[in-house]
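Peer 1: Quick one: this structure, given as structure tokens, is what I'll be asking you about.
The numbers here are math on the coordinates, done by the rules we state, and not lab data. Since this is a predicted model, take the numbers as computed values, not measurements. Every residue, glycine among them, receives a Cβ derived from its backbone with ideal geometry; neighbour counts consider all protein chains shown.
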Amino acid sequence: MSDNNWYSSESWYAPLKRAEAPDPARREGKQENKKKKKVWPRVFGGIMLLLVLIVGSSYALRESAQNLPVLFPKASDKPADNGRDDGFFYSRGDEAEDGDDDADSGTDSDNDGMPDDWRDFFKNYYTTTETETVNIDMPRATVPIDAALQLSEADGEELSLSELYERCMRSVVGIQAYTRGRLGYSWGSGVIATADGLIITNTHVVNGCSKATVILYDDREFEATLVGADALSDIAVLKIEAEELPAAVFGDSAALAVGDRVAAIGNPLGESFRMTLTDGIISAIARDMSYRGHDLTLLQTNAALNEGNSGGPLFNLYGQVVGITNMKMMSTASSIEGIGFAIPTSNVRTVFNSIVKNGEYRGRASIGITVGAIPENAQSEYELPAGLMIMGVSKGSDAKEKGIAEGDVLTAVNGTPVTTTAEVVAIKDKLAVGDTMTLTIWHEGETRDVEIELRDTLDIYGG
């Protein structure tokens with residue numbers, strides 16, 4: 001177990017040293033000497049100091065501009081206008097080193113170092129990063145479980161923060177996750193979903209672990225079994241053998257508005273700070289974030305969240321859970337404060353209800369292709385149509401069976417031209433597993449329409 005006492009209050013608040021009282025005689029002598037000094041050296045020195053400050057400031061601003069913090073989770077950088085679909089994303093590849101030989105790299109010196117074939121260009125332009133998969137070696141709970149998460153409307157008067165804490169803190173749990181073969185454990189948070197022991201937390205809290213212990217508000221400890229976990233939504237459900245637990249009340253995140261006050265209760269930094277309450281507001285309703293190769297649409301809040309808060313509840317002031325906290329902005333280059341995120345309960349309900357029934361999240365429709373934006377210089381150089389470059393086709397997809405291949409260009413979906421992944425996702429998200437989509441595909445200078453069937457993400461990519 002790691003030591004959480006890493007901080008030092010003395011390093012935050014060092015006492016000021018008291019200045020000695022000046023000697024009157026020495027002060028008078030100094031004043032007399034000052035009168036004798038000429039003014040022009042002081043003026044000249046001031047001008048020189050001003051010039052130094054101007055030059056120094058320009059350098060500092062240039063450095064900060066060249067080293068802007070990456071405002072995305074440390075695990076992966078978000079590419080600029082990259083392509084993502086169904087659990088994969090692309091980021092820009094490394095630039096070629098100076099002095100590379102055109103013959104060795106397959107490039108033509110007459111076209112600014114670009115390869116002769118557009119396929120080679122995109123292989124160098126994009127690098128693939130696969131979505132994190134779930135790898136949890138915990139004992140499994142038996143499914144189906146007769147349970148369903150219901151979202152309630154806000155009722156009654158808003159609570160004060162002290163009233164909210166008193167009412168809600170008993171439904172918050174600590175989670176100790178143990179990895180086989182390693183000493184110690186990691187800390188996370190969770191929330192009681194049902195009185196008979198179903199616990200909601202983040203998948204990343206228990207991913208990679210072989211054992212998890214749930215600690216209740218009254219310090220009782222229970223070994224947990226895994227009902228199921230979904231990597232794409234970052235929602236996991238655990239089960240403990242207990243009865244008459246103080247289950248949380250879940251509210252509808254769709255009723256939230258920017259500026260609504262919220263509060264988080266969790267276990268930041270581990271055991272030493274269990275059951276910490278922080279408060280803030282909803283800063284944004286639907287913030288699209290990239291995390292380990294896939295997109296999440298999250299609530300943004302300025303309530304303080306830290307390591308160990310993951311998986312804990314975000315409450316509205318009616319004492320209802322409206323989100324499951326899972327992420328915050330961090331940067332090694334700059335200080336970032338007050339930008340945290342939570343999974344909205346509208347999504348949590350869907351995933352939870354599928355997991356308790358199936359042991360996994362079923363029903364997420366997938367095309368099975370990975371696409372990336374086409375840069376203007378590549379489109380012009382290779383005479384490519386406007387659209388999205390297809391960089392990968394999954395073996396488990398209908399798209400693969402229908403002959404769609406890497407190097408093809410997706411130009412339209414259901415007759416609507418597309419040039420960004422957001423446009424494709426917007427169309428796909430209105431459909432369900434088993435529905436069909438018509439993809440307009442450019443292949444080797446010819447265009448054709450291909451009707452493909454949407455399949456369950458788990459059937460295409462696995463868990």
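Peer 1: Provide Ser335, Ser283 in ascending order of the number of other Cβ atoms located within 10 Å of each residue's Cβ, fewest first.
Peer 2: The fewest-first ordering by Cβ neighbours comes to Ser335, Ser283.
Peer 1: For a quick check of your reading of the filter: which GluC sites (Glu not before Pro) in segment 203-301 sit in a DSSP loop and have no more than 13 other Cβ atoms within 10 Å?
Peer 2: Passing both the DSSP loop test and the Cβ count: Glu241, Glu243, Glu244.
Peer 1: Counting other beta carbons within 10 Å of each Cβ, put Glu451, Glu383 in order, fewest first.
Peer 2: Fewest-to-most ranking of Glu451, Glu383: Glu383, Glu451.
Peer 1: Round to a whole angstrom and tell me the spacing of the C-alpha centers of segment 229-249 and segment 204-220.
Peer 2: 11 Å
Peer 1: Arrange the following residues from fewest to most other Cβ atoms within 10 Å of their Cβ: Thr179, Thr142.
Peer 2: With the sparsest Cβ surroundings first, the list reads Thr142, Thr179.
Peer 1: If you don't mind, another one. Using the Cα gyration tensor of segment 317-426, with a ≥ b ≥ c the square roots of its eigenvalues, what is the shape: rounded (a/c below 1.5), prolate (a/b larger than b/c) or oblate (neither)? Could you put the intermediate results ahead of the total?
Peer 2: Details: a/c = 2.78, a/b = 1.50, b/c = 1.85.
Since a/c reaches 1.5 but b/c is at least a/b, the shape of segment 317-426 is classed as oblate.
Peer 1: Using alpha-carbon positions, what is the distance between the centroids of segment 141-197 and segment 422-458, in Å?
Peer 2: 38 Å
Peer 1: Of the listed peptides 351-360, 301-310, what is their order by residue-averaged count of other C-beta atoms within 10 Å, with the highest listed first?
Peer 2: Working: 351-360: 21.1, 301-310: 22.9.
Top of the packing list down: 301-310, 351-360.
Peer 1: What does the highest-first list of 151-161, 260-270, 196-206 look like by mean Cβ count within 10 Å? Intermediate results must be reported in sequence, preceding the final value.
Peer 2: Values: 151-161: 12.1, 260-270: 22.3, 196-206: 24.4.
Those peptides, ordered most packed to least, come out 196-206, 260-270, 151-161.
Peer 1: As a test of the definition: which semi-axes, in Å, follow for segment 161-358 when you take the square root of five times each eigenvalue of its alpha carbon gyration tensor? Largest first, please.
Peer 2: Computed over segment 161-358, the values are 23, 19, 17 Å.
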